[in-house]
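Right, one structure below, let's go through it.
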Amino acid sequence: MSTYAGIRRRTRLLADSLADFLFPRYCLGCGRRLAVTQHLVCPDCVLNIIRFNAEDSLHSRLLRWGVRIPMYHVGSFAFYRRDEVVARLVHSLKFFNKPEIGRWMGQWAAQVMSSEGFFDGVDAFVPIPISRSRRRQRGYNQAELIARGLSDITSIPVDTSILYRKRDNTAQTHVSLVERGSNVKDVFALFDDCKAEGRSLMVVDDVITTGSTAANAIQTLSEIEDIRLSVFSWAAVREI
Ligand SMILES: [Zn+2]
C-alpha cells in the first residue's frame, strides 16, 4: 500500500511540476513566481500582512452609524492599506474573477483567529449579501466565499437564508463618505421565513471602511428577537 501511495504522490508531483512549467503561477501579493508547492500567495507576503488590532475604532464606526445594541465580537483580520498585499488580495477577489481566493482568505483568518477564541459562541456566519445583478455580473458573493472559508475551519455553518439585499448601492470605492451613509440605508431586509430568534450571528464582510454597510446589516438583524450579533471583516482600514 505504501508503494502505491508513493507512486501516487510522485505522479501528482510530476503533474504539478508539468502544470507549473506550462502555466506558471504568480504571487497575488508581490507578483513573484510561486513554487510548485505554494498556493496563491508566497510565504513572504503571508508574513508581511499586518494583523488588525484597532477593535475600538470598529466599535466607534458602528456607533457612528447608529448601532446601539451591544455587540458580542467585533474584529477584523488584517489592516487594509492601499497598494499592499491585503488590498491586492481583496481587489483580485472582487474584480478579477478569482473565487478560490475568497475561501482561502477565510480559512487563513479562521486558522489564526479561532485560536484567539474570536468565533467562540457563534451559531452561524451571515455574509453581507450582494444584489442579484451584482452576483450575476461577478458570479459569486465575495463575503460568502470568505464565510465558507471561515466555516471550513470552525465548522460554524454559513446561513444565507436570513438577510437579503433589497437594492444595489453601486461601487462604494468611488463615492464620498456622506454619500456612502445615505447609499446603504434600507438596503437590507430579513427574509419573511427566516429562523434566527435566540441565535448568535456573525456578520461577515470583506472590507470595512466607514462601517456603514456592516452597521446597516446589524440594524436590520437587530429586529430579530433575542439575537446576539458580531461582526467579522477580513480587512479594515485603520481610521476614516
Ligand atoms: Zn508574494
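The condition of being surrounded by fewer than 17 Cβ atoms within 10 Å (Cβ to Cβ) and within 12 Å of the ligand (Cβ to nearest atom) holds for Pro43. For region 62-102, a tally of residues being aromatic (Phe, Trp, Tyr) and not in a loop (DSSP other than H, G, I, E, B) returns 3. Residues in region 145-157 that are touching a strand residue (DSSP E or B) at 6+ places or on another chain (Cβ under 7 Å) and open to solvent by 30 Å² or more (accessible area, probe 1.4 Å): Arg148, Pro157.
Could you figure out which of (1) away from the ligand (no atom under 16 Å from the Cβ); (2) surrounded by 14 or more Cβ atoms within 10 Å (Cβ to Cβ); (3) on the phi > 0 side of the Ramachandran plot isn't true of Gly66? So Gly66 meets the others, but not (2).
Have a look at Ala109, Ala54 and point out the one that is closer than 23 Å to Asn141 by Cα and touching a residue at least 60 places away in the same chain (Cβ under 8 Å).
That would be Ala109, the only listed residue that is closer than 23 Å to Asn141 by Cα and touching a residue at least 60 places away in the same chain (Cβ under 8 Å).
Of Ser131, Ser182, which residue is surrounded by fewer than 20 Cβ atoms within 10 Å (Cβ to Cβ), modelled with pLDDT under 95 and closer than 18 Å to Arg64 by Cβ?
Just one listed residue meets the conditions, Ser182.
Being of a type outside the set (A, V, I, L, M), within 28 Å of Asp123 (Cα to Cα) and touching a helix residue (DSSP H, G or I) at 6+ places or on another chain (Cβ under 8 Å) is a description that applies to Gly106.
When you scan region 4-26, do you find a residue that is touching a helix residue (DSSP H, G or I) at 6+ places or on another chain (Cβ under 8 Å) and either open to solvent by less than 80 Å² (accessible area, probe 1.4 Å) or more than 16 Å from the ligand (Cβ to nearest atom) (or both), even just one?
No, region 4-26 contains no residue that is touching a helix residue (DSSP H, G or I) at 6+ places or on another chain (Cβ under 8 Å) and either open to solvent by less than 80 Å² (accessible area, probe 1.4 Å) or more than 16 Å from the ligand (Cβ to nearest atom) (or both).
Against the test of being farther than 27 Å from Val46 by Cα and in the same structural domain as Ser230 (by TED's automatic domain parsing), the options Leu145, Leu63, Leu89 yield a single qualifying residue, Leu63.
The values are calculated or read from the model by the stated rules, or taken from the named source; none is laboratory data. As the structure is a computational prediction, the values presented were derived from the model and not from experiment. FYI the Cβ positions are ideal-geometry reconstructions off the backbone, even for glycines, and counts take in every protein chain you see. Note: areas computed on protein heavy atoms with side chains; ligands, DNA, RNA excluded. Shrake-Rupley method; radii C 1.70, N 1.55, O 1.52, S 1.80 Å.
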